[in-house]
Amino acid sequence: MAAVPVGLLCRGPLLLRCGSRRGFTSQTDGEARVTQVLREKFPRASAIRVVDISGGCGAMYEIHIESEDFKDKRTVQQHQMVNQALSEEIKSMHGLRIFTSTPKP
């Protein structure tokens with residue numbers, strides 16, 4: 001098998017699964033909608049980050065939430081709270097990755 005020069009492996013545009021492109025700082029409509037719902041349901045959250053990891057299709061999201069609301073709750077309880085908050089939005093999703101934490105003192 002012939003060796004492929006490293007430079008050739010990195011050429012060409014980045015293709016996302018759904019064929020969409022976006023900048024690193026812009027949010028998709030789905031990301032903005034999920035973020036807004038989480039802000040309403042977790043008003044004490046010190047950080048919320050939502051990333052569409054399906055390439056812009058809105059089929060799968062990764063969510064990071066840091067909130068006092070999670071204090072003294074087990075991880076499974078924290079994730080149940082997020083699932084409940086997004087109960088309507090989840091109906092149209094394929095998958096969801098949830099990361100929760102409490103603010104550090």
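The values are calculated or read from the model by the stated rules, or taken from the named source; none is laboratory data. Just so it is clear, the structure is predicted and the values come from calculations on it, not from any experiment. Here the Cβ positions follow ideal geometry from the backbone for every residue, glycine too, while neighbour counts run over all protein chains shown. Side chains are part of the model used for accessible areas, which takes the heavy atoms of the whole protein and leaves out ligands, DNA and RNA. Shrake-Rupley method; radii C 1.70, N 1.55, O 1.52, S 1.80 Å.
Residue by residue through the stretch 82-105, note down the ones that are open to solvent by less than 50 Å² (accessible area, probe 1.4 Å) and over 23 Å from ASP29 (Cβ atoms).
Those that are open to solvent by less than 50 Å² (accessible area, probe 1.4 Å) and over 23 Å from ASP29 (Cβ atoms): THR100, SER101, THR102, PRO103.
The rows are residues; the columns are (1) farther than 17 Å from GLY95 by Cβ; (2) free of Cβ contacts under 8 Å to residues at least 24 places away in the same chain.
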| residue | (1), (2) |
| --- | --- |
| GLN36 | yes, yes |
| ARG39 | yes, yes |
| ARG44 | yes, no |
| VAL50 | no, yes |
| SER54 | no, no |
| PHE70 | yes, no |
| THR75 | yes, no |
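State the number of residues belonging to the stretch 19-35 that are open to solvent by 90 Å² or more (accessible area, probe 1.4 Å) and modelled with pLDDT of 90 or more.
Residues that pass the stated criteria total 2.
Counting just the residues of the stretch 64-75 that are open to solvent by 60 Å² or more (accessible area, probe 1.4 Å) and more than 18 Å from the chain's Cα centre (by Cα), which one comes out nearest to GLY30 (Cα to Cα)?
So the residue we want is GLU68.
Can you pull out every residue in the stretch 50-103 that is of a type in the set (Gly, Ala, Ser) and not in a strand (DSSP E or B)?
Within the stretch 50-103, SER54, GLY55, GLY56, GLY58, ALA59, ALA85, SER87, SER92 qualify.
Looking at the stretch 49-63, is at least one residue open to solvent by 50 Å² or more (accessible area, probe 1.4 Å) and aliphatic (A, V, I, L, M)?
Yes, some residue in the stretch 49-63 is open to solvent by 50 Å² or more (accessible area, probe 1.4 Å) and aliphatic (A, V, I, L, M).
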